[in-house]
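What follows is a short report on a single structure.
The values are calculated or read from the model by the stated rules, or taken from the named source; none is laboratory data. From a predicted model like this one, the values you see are computed outputs, not experimental measurements. No Cβ is skipped: glycine too gets one built from the backbone with ideal geometry, and neighbour counts run over all protein chains shown.
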Amino acid sequence: MTIAEAVASDGESTADLKARLAAMQRVLAEETRRADALNRIAAAIGEGGDLQGVVQAVVDGGVELSGAQFGAFFYNLIDAKGESYTLYVLSGAPRSAFERFPMPRNTAIFRPTFVGEGVVRSDDITKDPRYGKSGPHFGMPKGHLPVRSYLAASVVSRSGEVLGGLFFGHPDAGAFPERLEPLMAGLAAQAAVAIDNVRLNDAARREIEERHRAEAALADSEERFRLIADTIPILCWMADADGRIAWYNRRWYEYTGTSPAEMEGRGWRWAHDPALLPEVQQQWARSMATGEPCELVFPLRRADGVYRPFLTRLEPTRDSSGQVVRWFGVSMDVGAEQAARERLLFALDAGRLGSWELDVETRAYEASDICKANYGRPPDVEFGFDDLIASIVPEDRDRMRTAIETAIRTGAEYDIEYRVLHPSGEVRWVHARGRAAQTADHGGVRRMAGVSLDVTERKLAEERQRLLLNELNHRVKNTLATVQSIASQTLRSTGDMPRFRDAFEARLMALSQTHNLLTDQNWEAASLHDILRLELMPHAGGREGGGSRFLLESDRDIRLNPKAAVALGMAVHELATNAVKYGALSRATGRVAVRTCVTGSDSGPTLVVEWTESGGPPVSPPRRRGFGGRVLEQGLAGELNGEVELDYRPEGLSCRMKLPMHALEPKE
């Protein structure tokens, strides 16, 4: 007897029993299928792997568990318009089936899943009162996969974050019985665990990879640092927060002639000049106390015992909290630079050149003591760019501004001379030169540097030279005019060339002698007595008092300007030449008395020169006026505004010259 027959004996027919048994077998098979699906999902979650693979396994399992036609997982994405879902994985339909449709939005149908309220199930979503309430489609878009039965569950992480949603659909109504709701809730929970685990694994893997990269980068950086630090030509070292030096670069050991073991035992102080060590220690202690960097210059002992100056810079390294964890120091040998700077300063000082620097952007201006002196400022007085501009005379300021702005804009040389007004009121000339010393990031001039020189003496010398050239030009023209006049007048008064030559040479010699006197005095003035002695010397009248043939009397000597000296010298020469030819000096017994004095008159002081001849042949007035007469009348009377009186007395010629002092005295 079979089991069915035994059971059927209790009153149930065999056919009914077989039908019930078949139903139970179908339920068992369904449960077995679901159990297998759950096991596959659990295995996929347990294996981990990439996030998309795990989520795909969950969605595929959900389709199998629920009997859905298709399923999907939409990832939660927050945009500027609010929350929406983005398609992540799809099962039961190609991805192209969703590509031309917009993603689900936070509408009435999808909102419970968006906010994590749980499972949403509908036997016919098209008849749900929430369906078709939102535009622009007011329901499913045209061409959308047919959905009647609808099942959705929120995927919520352990932290409460809504990660996304599982969505399942079927074209037939009533495809998802109520008993699937707890199954879908469990599936969503497993999906959340899987996503959390994958995220944690990914984060841990990324952290480990990042740590490995950071460690490798750090090791590489340290290796590059040590390579650079050991090859650069400066001394480097590191100290801990308490100031204990834990590392020196190779250049330190080469310079000091020590080894790491020796430095560990001897410390760093032995390399310093004992006389300056307390100051270095004080500065080092101050920096450790304040945490501020410092810069100072001090000598360090070389391997051969010689101390050389080093520029040292200390910089702190801080942790994330701002605490100093170590100090880094560099020391650069500045012996050559210091010597060059001293030579430069010596050269600038010897040449009285002032140095200056200008920050183009801030207009900060630094001037050396000599530079300040060029503008009349003492060393202890602040002297900025505005002070520089203010010290320039107003007429030269625009020219100076244009020159320096052009140099800044174009990078050209700055070279200009201008006048400056000292606080004492004195006006001096300054020659300023400069050029770009540093270029800014934008390519323009960042800093200018240059020199300044007081060129007042040179300017005065140039002005004197200009005046002398003008004066020389004037005197040459006058001299040539005088020579031309002498030649013309001599030619008229002589009958033949031999007599012309003798007279002309004698008059040129007289003119030359007066010029020699003026040249000795830089053409500023000549002595009246010197002129008289020089012109009378050829006739034994150059000695003090006039000699045996001349009587010279004078109440004072007078300085004559060049014009007066030439005119009076020529007049005396003509009088003496006439006396030799026709007058007192033509006989051995003849004498000449020359008296000079200064008298007062209504028009001012007047020089009176009297020429009196005696002991010569009888004198009578000439039938015509000769060269000498013209020299006296035109040269003295015309050029010097004087009066000339010629008296042809029988006993000897008498000439009285009255010359105003204002026409004779040199200009100061």
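Computed quantities for the displayed model
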item: When residues of region 387-429 are limited to those that are at pLDDT 90 or above and in a loop (DSSP other than H, G, I, E, B), the one nearest to the chain's Cα centre (by Cα); result: V393
item: Test set (1) touching a helix residue (DSSP H, G or I) at 6+ places or on another chain (Cβ under 6 Å); (2) outside any helix (DSSP H, G or I); (3) at pLDDT below 80 - A44 fails condition number; result: (2)
item: Region 246-257 residues that are more than 16 Å from L227 (Cβ to Cβ) and in contact (Cβ under 8 Å) with a residue 12 or more places away in the chain, paired with ones that are among the small types (G, A, S) and in a helix (DSSP H, G or I) (beta carbon under 7 Å, 6 or more apart); result: T256/A271
item: Answer residue from region 127-164, given it is in a loop (DSSP other than H, G, I, E, B) and among the hydrophobic types (A, V, I, L, M, F, W, C) and is modelled with the lowest pLDDT among those; result: F138
item: All positions within region 305-339 that are in contact with a Ser or Thr (Cβ under 7 Å, 6 or more places away or on another chain) and either among the small types (G, A, S) or assigned to a helix (DSSP H, G or I) (or both); result: G329, S331
item: Checking E181 against (1) out of contact with any strand residue (DSSP E or B) (no Cβ under 7 Å at 6 or more places or on another chain); (2) in contact (Cβ under 8 Å) with a residue 40 or more places away in the chain, the condition it does not meet; result: (1)
item: Extreme residue, farthest from S287 (Cα to Cα), among residues of region 221-242 that are in contact with a strand residue (DSSP E or B) (Cβ under 7 Å, 6 or more places away or on another chain) and assigned to a loop (DSSP other than H, G, I, E, B); result: I234
item: Residue check for P621: closer than 20 Å to E643 by Cβ and either among the β-branched types (V, I, T) or modelled with pLDDT of 80 or more (or both); result: yes
item: Test for L636: is it modelled with pLDDT under 80, of a type outside the set (D, E, K, R) and in the same structural domain as L532 (by TED's automatic domain parsing); result: yes
item: Hey, S84 at pLDDT below 75 and surrounded by 14 or more Cβ atoms within 10 Å (Cβ to Cβ) or not; result: yes
item: Tally, over region 219-243, of residues that are surrounded by 12 or more Cβ atoms within 10 Å (Cβ to Cβ) and of a type outside the set (A, V, I, L, M); result: 7
item: Selection status of V580, assigned by TED's automatic domain parsing to the domain that holds S654 and either closer than 16 Å to L636 by Cα or at pLDDT 80 or above (or both); result: no
item: Enumeration of residues in region 244-283 that are closer than 14 Å to L314 by Cβ and in contact with a Cys (Cβ under 8 Å, 6 or more places away or on another chain); result: Q283
item: Residue match in region 410-423 (condition: hydroxyl-bearing (S, T, Y) and crowded, with 19+ Cβ neighbours inside 10 Å); result: yes
item: Test result for A216, out of contact with any Phe, Trp or Tyr (no Cβ under 9 Å at 6 or more places or on another chain), crowded, with 16+ Cβ neighbours inside 10 Å and among the small types (G, A, S); result: no
item: Condition met for W284 (at pLDDT below 85 and assigned by TED's automatic domain parsing to the domain that holds W247); result: no
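Residue by residue, here is whether (1) closer than 16 Å to A565 by Cα; (2) in the same structural domain as R549 (by TED's automatic domain parsing); (3) in contact with a strand residue (DSSP E or B) (Cβ under 7 Å, 6 or more places away or on another chain); (4) at pLDDT 75 or above holds:
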| residue | (1), (2), (3), (4) |
| --- | --- |
| V592 | no, yes, yes, yes |
| C597 | no, yes, yes, yes |
| D602 | no, yes, no, yes |
| E610 | no, yes, yes, yes |
| E613 | no, yes, yes, yes |
| G626 | no, yes, no, no |
| N641 | yes, yes, yes, yes |
| Y648 | no, yes, no, yes |
| S654 | no, yes, yes, yes |
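The rows are residues; the columns are (1) under 39 Å from the mean Cα position of the chain (by Cα); (2) surrounded by 11 or more Cβ atoms within 10 Å (Cβ to Cβ).
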{"position": "E262", "(1), (2)": "no, yes"}
{"position": "P274", "(1), (2)": "no, no"}
{"position": "P278", "(1), (2)": "yes, no"}
{"position": "E292", "(1), (2)": "yes, yes"}
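Listed here are the residues, each with its yes/no results for (1) surrounded by 21 or more Cβ atoms within 10 Å (Cβ to Cβ); (2) more than 14 Å from V120 (Cβ to Cβ); (3) under 57 Å from the mean Cα position of the chain (by Cα); (4) not assigned by TED's automatic domain parsing to the domain that holds A93.
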{"residue": "S149", "(1), (2), (3), (4)": "yes, no, no, no"}
{"residue": "S154", "(1), (2), (3), (4)": "yes, no, no, no"}
{"residue": "F167", "(1), (2), (3), (4)": "yes, no, no, no"}
{"residue": "A173", "(1), (2), (3), (4)": "no, yes, no, no"}
{"residue": "A191", "(1), (2), (3), (4)": "yes, yes, no, no"}
{"residue": "H212", "(1), (2), (3), (4)": "no, yes, yes, yes"}
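Let's see how each residue does on (1) at pLDDT 85 or above; (2) within 30 Å of M140 (Cβ to Cβ); (3) touching a helix residue (DSSP H, G or I) at 6+ places or on another chain (Cβ under 6 Å):
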| residue | (1), (2), (3) |
| --- | --- |
| R179 | no, yes, no |
| R205 | no, no, no |
| E210 | yes, no, no |
| F225 | no, no, no |
| A229 | no, no, no |
| T258 | yes, no, no |
| G267 | no, no, no |
